[in-house]
Amino acid sequence: MKCSFHITRLSTIIFIVFSAAVFASCNKSDNTKSTTIVKCVTCANGGLCINDTCRCPAGYEGTSCQTLSSQKFLSSWNVIEKGTLTSSRTYSIEIQNNFSLSINSVQVSNFYNYFFFTPVTGTVSSDTLYIPSQHAQGKIIAGIGYIHSDPSFGQFGAITMRYMVTDSITGQIDDFGYNSSTDSPSQWRK
């Protein structure tokens, strides 16, 4: 008899804890007929439901945390730029995921129209592409870019990239608006 009482009590406690967990992840909202509706949001990829809104972990976004933040950056891009040392030029680059580093890591092939066989590594956070300082092929690269809409190329159809490339031997810096707002940033279009 004593054992049965403990099992029933344990089952009741488990039910209360489970109910509280489900209730805590949902909010009640009243409609115009004064009936209570419970609205739950299911968040993917480890997102947390707070006030009917998913709070996504780093590297994910969307109403349910269903989309990789880097997804909108992945594409072939046409670059138009003029640096402090280079004249106006146009070329193509390719941005791909680099999951070997992290879910929000990307690699850019042919960055600066120079790093084709040694892709430049970047990190995506929301609408920003960070190019941390890195050495490759006798150059030091660093930059930051913002993805945005473009009337001709649609939502996420353009990136304004500000970066610089420093020659490791001569110390000369080719700047694309990274150190100075008066220098023109590099413009990338899909």
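Bear in mind that the values in this text are calculations on the coordinates, not laboratory data. Computed from a prediction, not measured in an experiment: that's the story for all the values here. As a convention, Cβ positions derive from the backbone with ideal geometry for all residues, glycine included, and neighbour counts pool all protein chains shown.
Rounded to the nearest 0.05, what FRET efficiency do residue 44 and residue 116 give with R0 = 41 Å and r taken as the Cβ-Cβ distance? Could you check? Numbers along the way, then the final one.
Values: r = 36 Å, r/R0 = 0.87.
E between residue 44 and residue 116, to the nearest 0.05, is 0.70.
Please give, to one decimal in nm, the separation of the simple spin-label points placed at residue 94 and residue 148, each 7 Å out from Cα toward the Cβ.
2.9
How would you rank 112, 178, 91, going from fewest to most other Cβ atoms within 10 Å of each one's own Cβ?
Details: 112 25, 178 22, 91 15.
If I rank by nearby Cβ atoms, fewest first, I get 91, 178, 112.
In whole Å, how far is the Cα centre of region 145-173 from that of region 75-135?
Value for the Cα centre distance between the two parts: 8 Å.
Within a Cβ distance under 13 Å of residue 184, other residues only, what is the Lys/Arg minus Asp/Glu net charge? Walk me through the intermediate numbers first.
On the way: positive: 82, 89, 162; negative: 81, 174, 175, 183.
Value of the local net charge: -1.
Starting from 0.36 nm per residue, how many nanometres of slack lie between residue 127 and residue 58 once their C-alpha separation is accounted for?
Values: separation 69, 0.36 × 69 = 24.84 nm, distance 1.23 nm.
Stretched fully, the residue 127-residue 58 segment lengthens by 23.6 nm.
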